[in-house]
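Asks: The following block contains the structure, expressed as structure tokens.
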Amino acid sequence: MHKAICSDCGQECEVPFKPTEGRPVYCQECYQKHRPPRRRY
């Protein structure tokens, strides 16, 4: 796990990947808001 700062709310969180420079990182709560809705076929 890698420590990161959420790009949305600014809280410190842990993510299972190494954060890449220039790409946003979201905590679990903010990720739910930003991820695209799942399509049901």
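FYI, it's all coordinate maths here, none of it is from the lab. Computed from a predicted structure; not experimentally measured. So basically every Cβ, Gly included, is an ideal-geometry build from the backbone, and we count neighbours across all protein chains shown.
Asks: State yes or no: is residue 11 out of contact with any strand residue (DSSP E or B) (no Cβ under 6 Å at 6 or more places or on another chain) and surrounded by fewer than 11 Cβ atoms within 10 Å (Cβ to Cβ)?
Replies: Numbers: out of contact with any strand residue (DSSP E or B) (no Cβ under 6 Å at 6 or more places or on another chain): yes; surrounded by fewer than 11 Cβ atoms within 10 Å (Cβ to Cβ): no.
For residue 11, the condition - out of contact with any strand residue (DSSP E or B) (no Cβ under 6 Å at 6 or more places or on another chain) and surrounded by fewer than 11 Cβ atoms within 10 Å (Cβ to Cβ) - is not met.
Asks: Six or more apart or on different chains, Cβ atoms under 8 Å: show the pairs whose first residue is in segment 13-41 and more than 17 Å from residue 2 (Cα to Cα) and whose second is basic (Lys, Arg) and not in a loop (DSSP other than H, G, I, E, B).
Replies: none
Asks: What is the number of the single condition among (1) in contact with a Pro (Cβ under 9 Å, 6 or more places away or on another chain); (2) loosely packed, with under 10 Cβ neighbours inside 10 Å that residue 38 does not meet?
Replies: (1)
Asks: Considering only residues that are acidic (Asp, Glu) and assigned to a helix (DSSP H, G or I), which ones fall in segment 18-41?
Replies: First pass over segment 18-41, keeping only residues acidic (Asp, Glu): 21, 29.
If the condition is that a residue be acidic (Asp, Glu) and assigned to a helix (DSSP H, G or I), then 29 is the only one that fits.
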